[in-house]
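Asks: Could you have a look at this structure, given as structure tokens, before my questions?
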Number of protein chains: 4
Amino acid sequence: MPKQIRVCLVGAGRAGQVHANTLVHHLPEGVLAALVDSAPDSLRAAGEKIGVEACYSSLEEALECAAFDAVVITSPTYTHKDLAVLAAQHGKHVLCEKPMALTLAECDVMIAACERAGVTLQIGFMRRFDPEFEAGWARVEAGEIGRPMLIKSLTHGPGLPPPWARDLRTSIGMLAEVNSHDWDTVRWFAGADPERVYAEVANFKGAAHGVNTPNFYDTALVQVRFDNGALGCISGVCPCEYGYDARVEIVGERGILQIGDLRGQAVLICKNRDQGIITPIYRTWPERFAGAYIAELRHFLECIRTGARPRATGTDGRWAVAGVLAATRSFLERRPVAMREVLEAPVAIGR
Amino acid sequence: MPKQIRVCLVGAGRAGQVHANTLVHHLPEGVLAALVDSAPDSLRAAGEKIGVEACYSSLEEALECAAFDAVVITSPTYTHKDLAVLAAQHGKHVLCEKPMALTLAECDVMIAACERAGVTLQIGFMRRFDPEFEAGWARVEAGEIGRPMLIKSLTHGPGLPPPWARDLRTSIGMLAEVNSHDWDTVRWFAGADPERVYAEVANFKGAAHGVNTPNFYDTALVQVRFDNGALGCISGVCPCEYGYDARVEIVGERGILQIGDLRGQAVLICKNRDQGIITPIYRTWPERFAGAYIAELRHFLECIRTGARPRATGTDGRWAVAGVLAATRSFLERRPVAMREVLEAPVAIGR
Amino acid sequence: MPKQIRVCLVGAGRAGQVHANTLVHHLPEGVLAALVDSAPDSLRAAGEKIGVEACYSSLEEALECAAFDAVVITSPTYTHKDLAVLAAQHGKHVLCEKPMALTLAECDVMIAACERAGVTLQIGFMRRFDPEFEAGWARVEAGEIGRPMLIKSLTHGPGLPPPWARDLRTSIGMLAEVNSHDWDTVRWFAGADPERVYAEVANFKGAAHGVNTPNFYDTALVQVRFDNGALGCISGVCPCEYGYDARVEIVGERGILQIGDLRGQAVLICKNRDQGIITPIYRTWPERFAGAYIAELRHFLECIRTGARPRATGTDGRWAVAGVLAATRSFLERRPVAMREVLEAPVAIGR
Amino acid sequence: MPKQIRVCLVGAGRAGQVHANTLVHHLPEGVLAALVDSAPDSLRAAGEKIGVEACYSSLEEALECAAFDAVVITSPTYTHKDLAVLAAQHGKHVLCEKPMALTLAECDVMIAACERAGVTLQIGFMRRFDPEFEAGWARVEAGEIGRPMLIKSLTHGPGLPPPWARDLRTSIGMLAEVNSHDWDTVRWFAGADPERVYAEVANFKGAAHGVNTPNFYDTALVQVRFDNGALGCISGVCPCEYGYDARVEIVGERGILQIGDLRGQAVLICKNRDQGIITPIYRTWPERFAGAYIAELRHFLECIRTGARPRATGTDGRWAVAGVLAATRSFLERRPVAMREVLEAPVAIGR
């Protein structure tokens, strides 16, 4: 067996724990070498739960005290840029969770830092590693449904995101925190870059949840026109309560393709004919994409080992951020927004 | 439009009301000319509900007082033979519900009477008219899955059958009342006649329902070996509580074919991720086979008009009865029973 | 049985034949009294096929020569207004196919004429009579998923519509010819009227089909904001080749509801593990909504008999037309269009 | 991380490679310490493919030359007993693939040897570790469908088993090689032991595959009566060509439960409305139970570490063998066979 790749995990929250679990229990080729979180309590709790002793309150401290080859960044979006740049400067490979950053300028700095350092930069679009997404893409790529004309991707998540994730000063909103994957998916399957975006959002549940963040929305519907004429549709609902829902539907010139299912398991029960048949639904994203998270991290380690270009690059991450920025401007200004408005004069939302 | 065919319906119970409803609301080419039931209350209630005035307490009375071309028999099994013979003797065409009769001798008498009178005799195997069964059969007949090797057919029904239907003196038991269609289906798809039968039955719920009929069973599992080597499997559960369930699965030399579904409608709802996704189940047989009942009666009227041989003949009905008799002997004597034991020395069960 | 209602059917095309078939074979309470089509060949062919002798080249001629109670209008959209008004003036009840008319002014004239004459005016939104749509609506109405936040409705049809249907001078385009039902559905389930509309369209297949109609599109994606805050999404693809596809998905405050399915029958076959499992798809709209067309016409006859208000009124038809007009302006002018722009200063597209 | 458990894998065939792959790529807590196969070519090829250098031609040789804690036995059935006993005598824990052995006497010897040595003995019923089977069982155990009355379990496999597996001198036939899991499943869900068994088998494809093994069958249908009255049904088809198919259906006193699905992925495509909708099917057993194989081996390592009793014990394996022996006698003698006939006077089939 080749030498294990040592990983420093930054962020001991939910996504961080998913990656930690992968490293400890599923990937013999990697090892969790250090855990970083700026909140002492979270750090201690996660460290004990995961069983890692090398716990640090900052990446700086970890760099000083621990030996590792790569960094996985799962802390809040507003920290991504600095962490990625610091890691790259120390020659560490970077897997950065989505959304990549708050602005296109930040994305550019991250990409440049990793290029300069010659390290791998992968963005956490784990759906690209889900076997169903892979199989769907293989069929589209093989031309089975012809040129994609209409691509719909949705993410409906069960619970309210944390305060920082819904505040436009520390995040770029639910369209990024919840729908980043959809932005990546529609562009991936369109085989083209977005050209024009229109978005409508609605706030149905904020009041009931005591949310008074300005411009809060729990429901979003976005149209994307791609530069090859294809149309994309993204929908986001969060909190949707009913489960974790991530599905894609593509109509091509010669057919239709669906990826994903509400159904979480091939188990069916019926106990009462008035109630009807019951099947489990995916309850959470770690459950829905359990295999994809493992495959994603395995791919990252393999890219580090072989020098291959990762399946989801900084450029892919940057496009998702650009889409979010355009869509946010669209709903704020109630008009379609051309992507070049965002690309040419990068915008910082909420600042 | 050609002249309407006048139908006398014998039996104002549940099956009778299904056929009455078909004649009144769905088949312009037929007309409900008379309704017969020996129970005055049922007769009156059904007559009012259906909106038919020509109500009689016996087929004899109806024959005397009303003009009609055909008889549809939905009364209890033990009445079938005499009614069919009487109808035939008066030149009336006969659609007889399943099970055809209590013994093979009764079946023979019915077939002979209708042949002698030159009238149509159709047995109520309405599944042969269900679009899904028709499509499945078309695929098997076209050789899509090759020669059928293993055919499974099941009927699980929600409620306890009426007392006469579970008493072996007035019925031939649940294997007939509930599973007659399965007997027809496995033979239809095997494209062969049964050769040997083995059955196990169980009584799980009788006590709770206060049933003390001797040899009562609510669960039955039957194996059939056909004379071309194919194997059949029939299961019956009644009362199953959870809905009305009728499905078929056929493994052929080159593939598998499934017909039918638990799911009663393409409606899906999820309100609670701990509960899961809910879809309606078929609640009752009139709901599951609504279209098939209409198509069956339409076919009967068409056979009368054209003289064509009905899709489900007296011979088909007789084979289903033979299977039930063999299976009943099998579970009573705890051994496989060769069909020729039943065919050569016809048996009357319960007498 | 009550007296049969006599129906004059205007339009011997595909939709006309569906209604004719319903009257002749499925509705004992109605009778096809006259058939009208301005094209002599179509008229003769349809008359023979259906078996109706009272064939006329115009509604005027039919009114003169035949006795009937109601008119079913299935001729091209640009003829609807004059036909409905003429029928109403002669005291005939009107069932008019969708789209109701070319302009809001035409809709207003039709509604007024029927009101003045005291006759029933029903619009051909047969999806409201599909058992799955009915069941879905019952659940939404009962509050099972809470207040609808996001409603998606799609219609993808297999074949290219006829020339008149894609020419903005004789039709209001595919958004009306193909997606009228979706306009009705999203408004129905939103329980609110549209407020703002944004549409993108694309032309992927026109060239290959030799279509050079100006502004032709085969792919459309529409967003609707309703006056209660709910968001709607309509998609149309025609010709989509792969089948007839009509599905609805609603996310409410407490859950999700799906109506409809790609799958056309509960039949499943697998013959080759490299190919996978095959199930039938709905091939055409008469197949998908066979039962709904019968229930729709039955409802119309019942409304005539009882004087009840039909489930789909002229007002419902008018709103669908308004939505189409707004969406068409939206994609032509590349901006969101407020419904009041269309409602206050009614627009005739293509004129 | 605790010390890795070192595993010696006996059998470099298909099942062996699945376990090897699990150890190398999915289980950080275990390590593949040695590989054994008596066929030099298979051994060399598998060793290279897997990347293990410690390759031996016998377990004896491995015991001499390599250090390990446990043995995983995947060689042909007739070798199981001697290998398990040898391993136990050297204090190695044993995970033995199904079927456990050829006779009940062999099973008894294996169980006794492991008990004497105080080592873990686990049988390879990996379905017990499949998340769907686990979820199904949890629901049954919680009483959701009441007491199981009827349990159907099927395994249809794509390809012809190897010659040793279909020869009753070196195997106990397809009912063991293909259906061992079903024997375990029906007993597991019945919560009872089998009491009486009846089997029918058929040979449809032997001739076409040039198989002239005596008593060869490719299709089997078995009924099992359990000592609590529940009925079980097992079906086996091999080769079935169309895919790998493993499903369970349980009717309990209060409902129905289904586990498993033909569908191999939540991907759906439709390119042609005459062909219909296509979804992938599970092609092979390693694909269908990929996760279960990992969980099974993880469980084995955990039982070794903690001393816990494995989920699938030698007793479970012995019952499956007993069922096969009874069913084989049943179809050979064309009669139901009481389990006590087999249990009291253990039978060696084919000898």
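Asks: Restricting attention to region B:296-311, which residues are surrounded by fewer than 21 Cβ atoms within 10 Å (Cβ to Cβ) and touching a helix residue (DSSP H, G or I) at 6+ places or on another chain (Cβ under 8 Å)?
Replies: If the condition is that a residue be surrounded by fewer than 21 Cβ atoms within 10 Å (Cβ to Cβ) and touching a helix residue (DSSP H, G or I) at 6+ places or on another chain (Cβ under 8 Å), then B:HIS299, B:ALA308, B:ARG309, B:ARG311 are the ones that fit.
Asks: Something else about it: Inside region D:4-31, can you point out the residues that are hydrophobic (A, V, I, L, M, F, W, C) and farther than 19 Å from D:SER75 by Cβ?
Replies: Going through region D:4-31, the residues hydrophobic (A, V, I, L, M, F, W, C) turn out to be D:5, D:7-10, D:12, D:15, D:18, D:20, D:23-24, D:27, D:31.
Selection gives D:ILE5, D:VAL24, D:LEU27, D:VAL31.
Asks: Name every residue in region C:258-275 that is out of contact with any Ser or Thr (no Cβ under 9 Å at 6 or more places or on another chain) and assigned to a loop (DSSP other than H, G, I, E, B), in order of residue number.
Replies: C:GLY260, C:ASP261, C:LYS271, C:ASN272, C:ASP274, C:GLN275
Asks: So, one more: Might you check whether a residue that is touching a strand residue (DSSP E or B) at 6+ places or on another chain (Cβ under 9 Å), more than 12 Å from every other protein chain (Cβ to nearest Cβ) and of a type outside the set (Lys, Arg) occurs anywhere in region B:141-154?
Replies: yes
Asks: Which ones in region A:245-257 are surrounded by fewer than 23 Cβ atoms within 10 Å (Cβ to Cβ) and either hydrophobic (A, V, I, L, M, F, W, C) or assigned to a loop (DSSP other than H, G, I, E, B) (or both)?
Replies: Residues satisfying the conditions are A:GLU253, A:ARG254.
Asks: Which of the residues that make up region D:195-243 are assigned to a loop (DSSP other than H, G, I, E, B), among the small types (Gly, Ala, Ser) and away from chain C (no Cβ under 14 Å)?
Replies: Once the filter is applied, which keeps residues that are assigned to a loop (DSSP other than H, G, I, E, B), among the small types (Gly, Ala, Ser) and away from chain C (no Cβ under 14 Å), region D:195-243 yields D:GLY206, D:GLY210, D:GLY229, D:ALA230.
Asks: Is it fair to say A:GLY124 is more than 12 Å from chain C (Cβ to nearest Cβ) and more than 17 Å from A:TRP183 (Cα to Cα)? Explain how you work it out, then say what you get.
Replies: Numbers: more than 12 Å from chain C (Cβ to nearest Cβ): yes; more than 17 Å from A:TRP183 (Cα to Cα): no.
Here the answer is no, as A:GLY124 does not meet what is asked.
Asks: Evaluate region C:51-71: report whether one residue or more is among the β-branched types (Val, Ile, Thr) and within 24 Å of C:PRO310 (Cα to Cα).
Replies: The initial filter retains those residues of region C:51-71 that are among the β-branched types (Val, Ile, Thr), namely C:52, C:71.
Filter again for within 24 Å of C:PRO310 (Cα to Cα), leaving C:71.
Yes, some residue in region C:51-71 is among the β-branched types (Val, Ile, Thr) and within 24 Å of C:PRO310 (Cα to Cα).
Asks: Please work out which one of (1) out of contact with any helix residue (DSSP H, G or I) (no Cβ under 9 Å at 6 or more places or on another chain); (2) at negative phi; (3) not hydroxyl-bearing (Ser, Thr, Tyr) is the condition D:GLY210 fails and give its number.
Replies: All conditions pass for D:GLY210, except number (2).
Asks: So is D:TRP164 modelled with pLDDT under 95, in a helix (DSSP H, G or I) and touching a Phe, Trp or Tyr at 6+ places or on another chain (Cβ under 9 Å) or not? Before the answer, list the steps.
Replies: Working: modelled with pLDDT under 95: yes; in a helix (DSSP H, G or I): yes; touching a Phe, Trp or Tyr at 6+ places or on another chain (Cβ under 9 Å): yes.
Criteria met by D:TRP164.
Asks: Can I ask one more? Is one or more of the residues making up region D:266-274 out of contact with any Lys or Arg (no Cβ under 9 Å at 6 or more places or on another chain), free of Cβ contacts under 8 Å to residues at least 24 places away in the same chain and more than 14 Å from chain A (Cβ to nearest Cβ)?
Replies: no
Asks: Select from region B:268-290 the residues that are in contact with a Gly (Cβ under 8 Å, 6 or more places away or on another chain) and either among the charged types (D, E, K, R) or surrounded by fewer than 17 Cβ atoms within 10 Å (Cβ to Cβ) (or both) and list them in ascending order.
Replies: Residues satisfying the conditions are B:LYS271, B:ASN272, B:ARG273, B:ARG283, B:GLU287, B:ARG288.
Asks: Please work out if C:GLU144 is surrounded by fewer than 24 Cβ atoms within 10 Å (Cβ to Cβ), more than 17 Å from the chain's Cα centre (by Cα) and in a helix (DSSP H, G or I).
Replies: On the way: surrounded by fewer than 24 Cβ atoms within 10 Å (Cβ to Cβ): yes; more than 17 Å from the chain's Cα centre (by Cα): yes; in a helix (DSSP H, G or I): no.
When the stated conditions are applied, C:GLU144 does not pass them.
Asks: Moving to a separate point now. For region D:147-157, name all the residues that are within 16 Å of the chain's Cα centre (by Cα) and not in a strand (DSSP E or B).
Replies: Filtering region D:147-157 down to residues within 16 Å of the chain's Cα centre (by Cα) leaves D:153-157.
Across region D:147-157, the qualifying residue is only D:GLY157.
Residues checked against (1) touching a Phe, Trp or Tyr at 6+ places or on another chain (Cβ under 6 Å); (2) of a type in the set (Phe, Trp, Tyr):
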position	(1), (2)
A:SER58	no, no
A:ALA70	no, no
A:PRO76	yes, no
A:LYS81	no, no
A:ALA84	no, no
A:VAL94	no, no
A:GLY118	no, no
A:GLN122	yes, no
A:PHE129	no, yes
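Asks: Residues that are surrounded by 17 or more Cβ atoms within 10 Å (Cβ to Cβ) and β-branched (Val, Ile, Thr), at least 1 per element: which helices (runs of 4 or more DSSP H) completely within region B:4-74 meet that?
Replies: Details: elements: B:14-25, B:40-50, B:59-65.
Those helices (runs of 4 or more DSSP H) span B:14-25, B:40-50.
Asks: Anything in region A:112-141 that is surrounded by 20 or more Cβ atoms within 10 Å (Cβ to Cβ), among the aliphatic types (A, V, I, L, M) and over 17 Å from the mean Cα position of the chain (by Cα)? List them, or say none.
Replies: Correct list: A:ALA113, A:VAL119, A:VAL140.
Asks: C:LEU83 - would you say it is crowded, with 20+ Cβ neighbours inside 10 Å and assigned to a helix (DSSP H, G or I)?
Replies: Details: crowded, with 20+ Cβ neighbours inside 10 Å: yes; assigned to a helix (DSSP H, G or I): yes.
Yes; evaluated as a whole, the condition is true for this residue.
Asks: Taking region D:312-334, which residues are touching a residue at least 60 places away in the same chain (Cβ under 8 Å) and surrounded by fewer than 19 Cβ atoms within 10 Å (Cβ to Cβ)?
Replies: Here is the first cut: in region D:312-334, the residues touching a residue at least 60 places away in the same chain (Cβ under 8 Å) are D:312-328, D:330-332.
Matches in region D:312-334: D:THR313, D:THR315, D:LEU332.
Asks: OK, next. Would you mention how many residues in region A:159-181 are within 14 Å of another protein chain (Cβ to nearest Cβ) and either in contact with a helix residue (DSSP H, G or I) (Cβ under 9 Å, 6 or more places away or on another chain) or β-branched (Val, Ile, Thr) (or both)? If you could, list the steps in order and put the result at the bottom.
Replies: Step one: list which residues in region A:159-181 are within 14 Å of another protein chain (Cβ to nearest Cβ), which gives A:159-160, A:174-175, A:178-179.
Adding the requirement that they be either in contact with a helix residue (DSSP H, G or I) (Cβ under 9 Å, 6 or more places away or on another chain) or β-branched (Val, Ile, Thr) (or both) leaves A:160, A:174-175, A:178-179.
Of the residues in that region, 5 qualify.
Asks: I've got another one for you. Go through A:ARG263, A:ARG254 for me and flag whichever is in contact with a strand residue (DSSP E or B) (Cβ under 6 Å, 6 or more places away or on another chain) and either within 8 Å of another protein chain (Cβ to nearest Cβ) or under 26 Å from C:ILE281 (Cα atoms) (or both).
Replies: Details: A:ARG254 fails: in contact with a strand residue (DSSP E or B) (Cβ under 6 Å, 6 or more places away or on another chain).
Matching residue, one of A:ARG263, A:ARG254: A:ARG263.
Asks: Which residues, counting only those in region A:276-286, are part of a loop (DSSP other than H, G, I, E, B) and more than 10 Å from chain D (Cβ to nearest Cβ)? If you could, list the steps in order and put the result at the bottom.
Replies: First, pick out the residues of region A:276-286 that are part of a loop (DSSP other than H, G, I, E, B): A:276, A:280, A:282-284.
Across region A:276-286, the qualifying residues are A:GLY276, A:TYR282, A:ARG283, A:THR284.
Asks: Being under 30 Å from C:GLY146 (Cα atoms) and polar (S, T, N, Q) is the filter here, so list the residues in region B:261-315 that pass it.
Replies: Hits for region B:261-315 are B:GLN265, B:ASN272, B:GLN275, B:THR279, B:THR284.
Asks: A:PHE289 passes all but one of (1) hydrophobic (A, V, I, L, M, F, W, C); (2) more than 9 Å from every other protein chain (Cβ to nearest Cβ); (3) within 29 Å of C:ALA327 (Cβ to Cβ); which number fails?
Replies: The one condition A:PHE289 does not meet is (3).
The values are calculated or read from the model by the stated rules, or taken from the named source; none is laboratory data. Just so we're clear, the structure is a prediction, and the values are computed from it rather than from any experiment. We place every Cβ from the backbone using ideal geometry, glycine too, and count neighbours over all the protein chains shown.
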